[in-house]
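Take a look at the structure set out below.
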Amino acid sequence: MQNVSRNLVVLFLIGALAASFWLGLSIGKNQARVVPIEGITNLEAGKPDLVDFSLFWEAWATVQEKFAKRNGVNYQAMVHGAISGMVESLGDVYTVFMDPEEAKKFQEDISGFFEGVGMEIGIRQDQLQVIAPLEGTPAKQAGLRPGDKILKIDDVSTEGMSVEKAVSLIRGKRGTKVTLTIAREGWEESRDFEIQRAVISVPSLEWKMIDGTVAHVKIFQFSEKAGRDFTVAASQMRSEGAQRIILDVRSNPGGFLQIAEDITGWFVKPGEVVVIEDFGAAKEQQKHVAEGNGLFSETPTVVLMNEGSASASEILAGALRDIRGTQLIGKKSFGKGSVQELVELRDNSFLKVTVANWLTPKGSFITDKGLEPTVEVDLTDEDFENEKDPQLDKALEVVKKL
């Protein structure tokens, strides 16, 4: 009987402890002490209507009060982290937040002068990939190719890694090295590429005459100066008697929409629709028309492209295909059919926001689909190593028959 009584007492105590624990949780949740928010200014500035932000401040106050290392907390970094998380939740890999340091690097990238290995990277099917190694850079010289999957950066797995994080790991001072673990279609195993970083200065384009009558124009990126450089090249091509043109946008990751429109304007008649911006249900579609002089609108032309031809490159290729029936030679393009707007925030950070999808003049939507080549031609590792270019050979063959 004493054992029974003792067991009942123990059960009662266990029950009482459990009840008090649950009661403590309930009280902690429903009667939380209000903690003054620290480290923040401009709480009301820019706040939209009808948004209950109390959950965020509750989390902020909890970290502020309970985090073991709270004395060393960087409040501005917390704000930047919160914005990054908000943007990530949109599920669009092209809509990104860049803190001031990342914004500075981005500005260097689009200016065509920075330190690193020299390649455009992106995420496709949840995998970090090389979109295009840039001309004359360590990445190109090391043999990286469009479509290469980046599995590791200096033994750090890229699984779930953002493009911005990958860029920060790959970029670095000239003379230092980075090792990239690469998987490529056709390889049985991944391979390591040790690349020495350098000062990267990417030209916008170069051109040369082939067989005396064909101008081969290689556009590396649609940078700020590409429009001016093409104007100079166009004058030189005319003076040297170019009768046919090969526009080569292989491994061109894109650039400015306006520059792509300007260059396309040399190859179509003024007033032709070059690209259509689709802003979704909120706005009507906006048609962008050619405003150039159409100097080469009657000149036989073909376009060379590959898996690294993206964004602005696809705008040019898609416009010439739809307007003039221009043949596309090479491989299917990357398939980036969205338009981003760059917004500078008050602390010199950037928000790059997808504002629209673009369509070709005939309404083709190419996001994640790419442009299919009229004539498909491979460029193998063996071709690459032996400095052979069957894609250019085919383009020359086709354009000579036009």
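The values are calculated or read from the model by the stated rules, or taken from the named source; none is laboratory data. Computed from a predicted structure; not experimentally measured. Glycine also receives a Cβ, built like all others from the backbone with ideal geometry; neighbour counts cover every protein chain displayed.
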- Applying the selection to the stretch 198-212, what residues are at pLDDT 95 or above and either exposed (fewer than 15 other Cβ atoms within 10 Å of the Cβ) or over 20 Å from S313 (Cβ atoms) (or both)? K208, M209, I210
- Task: Scan the stretch 313-340 for residues that are among the small types (G, A, S), in contact with a strand residue (DSSP E or B) (Cβ under 7 Å, 6 or more places away or on another chain) and modelled with pLDDT of 95 or more and report the count.
- Result: 5
- Item | Complete set of residues in the stretch 207-221 that are in contact (Cβ under 8 Å) with a residue 60 or more places away in the chain and out of contact with any Asp or Glu (no Cβ under 6 Å at 6 or more places or on another chain) | I210, D211, V214, H216, I219, Q221
- Restricting the stretch 350-400 to residues that are at pLDDT below 95 and among the basic types (K, R), which is nearest to E102 (Cα to Cα)? K352
- Of those in the stretch 61-82 that are aliphatic (A, V, I, L, M) and more than 24 Å from E101 (Cβ to Cβ), the residue surrounded by the most Cβ atoms within 10 Å (Cβ to Cβ) is A61
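Residue under question is K218, and the condition is that it be modelled with pLDDT of 95 or more, in contact with a Leu (Cβ under 9 Å, 6 or more places away or on another chain) and not in a helix (DSSP H, G or I); does it hold?
Here the answer is yes, as K218 does meet what is asked.
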- Evaluate the following for E115: is it of a type in the set (D, E), farther than 30 Å from R250 by Cβ and touching a strand residue (DSSP E or B) at 6+ places or on another chain (Cβ under 9 Å)? no
